[in-house]
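Inspection log for the structure reproduced underneath, given as structure tokens.
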4 protein chains.
Amino acid sequence: MIKVGVLGAKGKMGSQTCLAVEDADGLELVARLDQGDDLAELTKAGAQVVVDFTRPEVVMGNLEWCIGHGVDAVVGTTGFDDERLATLRDQLGAQPASGVLIAANFSIGAVLMMRFAAQAAKYYESVEIIELHHPDKVDAPSGTARRTAELIAAARREAGAAPVPDATTTALDGARGAEVDGIRVHGVRLRGLVAHQEVLFGDAGETLTIRHDSMHRESFMAGVLLGVRRIVDTPGLTVGLEHFLDLD
Amino acid sequence: MIKVGVLGAKGKMGSQTCLAVEDADGLELVARLDQGDDLAELTKAGAQVVVDFTRPEVVMGNLEWCIGHGVDAVVGTTGFDDERLATLRDQLGAQPASGVLIAANFSIGAVLMMRFAAQAAKYYESVEIIELHHPDKVDAPSGTARRTAELIAAARREAGAAPVPDATTTALDGARGAEVDGIRVHGVRLRGLVAHQEVLFGDAGETLTIRHDSMHRESFMAGVLLGVRRIVDTPGLTVGLEHFLDLD
Amino acid sequence: MIKVGVLGAKGKMGSQTCLAVEDADGLELVARLDQGDDLAELTKAGAQVVVDFTRPEVVMGNLEWCIGHGVDAVVGTTGFDDERLATLRDQLGAQPASGVLIAANFSIGAVLMMRFAAQAAKYYESVEIIELHHPDKVDAPSGTARRTAELIAAARREAGAAPVPDATTTALDGARGAEVDGIRVHGVRLRGLVAHQEVLFGDAGETLTIRHDSMHRESFMAGVLLGVRRIVDTPGLTVGLEHFLDLD
Amino acid sequence: MIKVGVLGAKGKMGSQTCLAVEDADGLELVARLDQGDDLAELTKAGAQVVVDFTRPEVVMGNLEWCIGHGVDAVVGTTGFDDERLATLRDQLGAQPASGVLIAANFSIGAVLMMRFAAQAAKYYESVEIIELHHPDKVDAPSGTARRTAELIAAARREAGAAPVPDATTTALDGARGAEVDGIRVHGVRLRGLVAHQEVLFGDAGETLTIRHDSMHRESFMAGVLLGVRRIVDTPGLTVGLEHFLDLD
């Protein structure tokens, strides 16, 4: 039985995580902390792993405390840049038994989609990305779409692929989407949608499409639980849930 | 048996039309003309209807001849503006038994898609269009996508619909597509595709998608044959194949 | 302001209806009744229209009361056969100002899908239906899929269409789906889905696909509200929400 | 420059292969043989690799000759069972420099789809397969769909996954598709389609879809050419094009 504490337990992701941990085989929810609570309650409750869905302003302090107290951490809070990652590596270097997972996306489906897209990239002349979200989203394209484009572009570069063909000479502004690292990305906003993405590959006479549809934030919980179960045996810093998927 | 002549019989669409007329019940192919041939051969062969897939420079001369000789016409040649249509109406006014169909798109499926999109438009808060074509296409978005957007926009205006919601504040150039009459249109270019379009409607908790896939130019032949069969009983000028579909 | 009462107000659809009426312009929620409550509260509260999401055992009594007291009704309760409809017609015949709408499906999107499918049916050689639902659904295919198949089959019969082509000679049991009125219907059950349907039409070189995705029961509310607004001006019995859509 | 001969050069796949080899960088078409031609022409022409798209009755003789004469082979002819594969292994054992690739499917896209499906299988509670083909196909489900189902079933078994959930208690015959190794497979037949397949994975709140569309047999040529380029450096028997894809 792995004993789990949740930081940011009253937030949307945190409360969903509490429910998921309570339901999960082999895990026990021992602490729910939110703003103003004392981190010492984690050790009192015997937490071995912490799931952190808090805020960029407080997450580094939380992690320093966890690493210092031998509590592993699974982190969905955003705002990690190279400097922050370097700081964590330093702190973990001094505590070789501790582990921290930083994940921008806990959706196993999204991680699989990105992985498959990167693998398929070198076999197709053409590729474009369509991401589709609810109309209250403020940025376009989505972070997942940008990341997917970068992974595809890197795979094509490594394989020495020519640029994606496009004979367009006359176009309305924006008709061909945005360009991310040479890959065209289109952002659709539609009431009724949540978070969806399609990666389209094409070559002579055929196309391959990988589509991920995320309808509810409970879809992230399988990834969070996977992180919890794996981080207890994975010392050091892990960046990205994909390292915990077994895809030979 | 309706006797049919084809103008531009050696071109891609013209030669496909010849095959289709030969295979069709109730139609007889009596003349295949191309550049340099004498239109008088149409009357010699007894053609009642002409299908014209020629070029903008010659089509007006062809039609003047047809109207003057009592031959009905089904026209897929492009380049008709208001002035040309007015000229045809004048000529047809002097020959009340003659009929001419001008159609920008002979795909019955594309016509149905546009019709359904216009009908659905007033029932949904959100709508966007994705058109997908082979990468050798030079313009974006496609003419069909623009026309679909205009029909949807007109239906929304008539119903007094509010603008399509979009909270985007930070976007890469082009990420949200082109805007046609207030409707977002995205153009995808992919090797392996031919001509495809998706119209996406969304409202609270649901979406409705209408998609047309055109894989081969033979898909236009059902529309050409429908035009031939109906124009012989439809005097005057008809603009758009949709007038020949029975959609009560 | 139309005054609305809800019967079955504590049920899933009923409680959703209460929320929707409260939010709607021009409607006022004046009564929420459930099992054991006295229908007389409807007249006390001045209800002009009742929305009934109760059970087959009680709905006929509810409607007799409503018709007798001059309250119009929008009914989503199931279990209406020809006999029940005939009874309602008799009762309404004696109260010519009263109106009742019986609707099996309040999703405007599903109604549009069925309507478009029926309209497209005669233009395509092939057609099949795929319905996709969550894996807790006990029946297959869905009622909407059956109804869509019947509408398509009727349209094909009226147009004198040949049977849908199918050269299959060797098949595993069930591989070609179920047959409803000569139309093949496939039922997919998948965790993560709610209620979805795709109608696929095909002919030489092209396909037309109409897809409806229903992700949440709030998607039925636009149809319920449309029913409420229209039933006050529509005396007599109306069966099917499609009669309240303006699709010229 | 690799010198290539084609057996079955007048057939649909063989003639397409001839065109593809002629267009390919680094390959030279040196012999086109069909029924009645003498295999000795292959050695006369200096062929290093043979592509065989012939018939089950003659392919074993062709391969015995090739192995005996030091010509590598890429084989798309069907009808290989365990006995035939054992025979080839014996013959190749005596000629350790020779290589033979037997591939049931030369579509790189289909191979990627199967691979990705097998990788994703253990992460999802639900999975179903929809294959869609032209209505002249005589068997259902397709061989690719069966193979995909077997790969998914094997991956789920290895991961100790529970059976796919399905609460269906009332169903029309065939409504839930065919069962292949515990996986539901649905076969759609539609005019206008060629060869298409969708693998749908679902779990709480999300779905992942992998779709392959094959519109033309030229889509198999990239796989044939890959086979030719790799077999010259791959002695022994290789079964399945997937072994020549680099998917780390």
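Assorted remarks:
- Residue list for region A:44-66, filter: farther than 17 Å from residue A:103 by Cβ and crowded, with 16+ Cβ neighbours inside 10 Å: A:45, A:47, A:48, A:65
- All conditions but one from (1) facing chain A (nearest Cβ under 10 Å); (2) surrounded by fewer than 20 Cβ atoms within 10 Å (Cβ to Cβ); (3) over 30 Å from residue C:186 (Cα atoms) apply to residue D:239; the one that does not is (1).
- Conditions (1) crowded, with 24+ Cβ neighbours inside 10 Å; (2) among the β-branched types (Val, Ile, Thr); (3) touching a Phe, Trp or Tyr at 6+ places or on another chain (Cβ under 8 Å); number of the one not met by residue B:209: (1)
- Residue within region D:88-101 that is in contact (Cβ under 8 Å) with a residue 40 or more places away in the chain and among the hydroxyl-bearing types (Ser, Thr, Tyr) present: yes
- Set C:160, C:236: member being in contact (Cβ under 8 Å) with a residue 60 or more places away in the chain and at positive phi: C:236
- Of the residues A:162, A:149, the single one that is more than 7 Å from every other protein chain (Cβ to nearest Cβ), among the small types (Gly, Ala, Ser) and more than 29 Å from residue B:146 (Cβ to Cβ) is A:162.
- All positions within region B:84-108 that are among the β-branched types (Val, Ile, Thr) and within 9 Å of residue B:67 (Cα to Cα): B:100
Quick grid of which residues meet (1) surrounded by fewer than 16 Cβ atoms within 10 Å (Cβ to Cβ); (2) farther than 19 Å from residue A:243 by Cβ; (3) of a type in the set (Val, Ile, Thr):
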site: A:96; (1), (2), (3): yes, no, no
site: A:100; (1), (2), (3): no, no, yes
site: A:109; (1), (2), (3): no, no, no
site: A:128; (1), (2), (3): no, yes, no
site: A:135; (1), (2), (3): no, yes, no
site: A:147; (1), (2), (3): no, no, no
site: A:163; (1), (2), (3): yes, yes, no
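- Residue match in region C:178-197 (condition: among the hydrophobic types (A, V, I, L, M, F, W, C), surrounded by fewer than 24 Cβ atoms within 10 Å (Cβ to Cβ) and within 10 Å of chain B (Cβ to nearest Cβ)): yes
- Matching residues, region A:70-89, being surrounded by fewer than 18 Cβ atoms within 10 Å (Cβ to Cβ) and under 10 Å from residue A:236 (Cα atoms): A:89
- Scanning region D:159-193 for residues that are of a type in the set (A, V, I, L, M, F, W, C) and closer than 19 Å to residue C:141 by Cα yields D:164, D:167, D:171, D:172, D:175, D:178, D:183, D:185, D:188.
- Selected residue (criterion: farthest from residue B:76 (Cα to Cα)) from residues of region B:39-57 that are free of Cβ contacts under 8 Å to residues at least 24 places away in the same chain and under 25 Å from the mean Cα position of the chain (by Cα): B:57
- Flag for residue B:62 being under 22 Å from residue A:171 (Cα atoms) and either of a type outside the set (Phe, Trp, Tyr) or in a helix (DSSP H, G or I) (or both): no
- Here residue C:97 fulfils each of the conditions (1) over 30 Å from residue C:42 (Cβ atoms); (2) more than 19 Å from the chain's Cα centre (by Cα) apart from (1).
- Counted residues, region C:14-51 - those being in contact with a Ser or Thr (Cβ under 9 Å, 6 or more places away or on another chain) and part of a helix (DSSP H, G or I): 1
- Condition check for residue D:155: surrounded by fewer than 22 Cβ atoms within 10 Å (Cβ to Cβ), within 17 Å of residue C:189 (Cα to Cα) and within 14 Å of chain A (Cβ to nearest Cβ): no
- Selection count, region A:101-143, where residues are aromatic (Phe, Trp, Tyr) and more than 8 Å from every other protein chain (Cβ to nearest Cβ): 1
- Every residue from region C:1-13 that is closer than 12 Å to residue C:62 by Cβ and either in a helix (DSSP H, G or I) or of a type in the set (A, V, I, L, M) (or both): C:6, C:7
- Positions within region D:199-244 being assigned to a strand (DSSP E or B), in the same structural domain as residue D:28 (by the TED database) and of a type in the set (Val, Ile, Thr), in sequence order: D:238, D:239
The values are calculated or read from the model by the stated rules, or taken from the named source; none is laboratory data. Computed from a prediction, not measured in an experiment: that's the story for all the values here. Ideal geometry is used to build each Cβ from the backbone, glycine not excepted, and the neighbour counts take in all protein chains shown.
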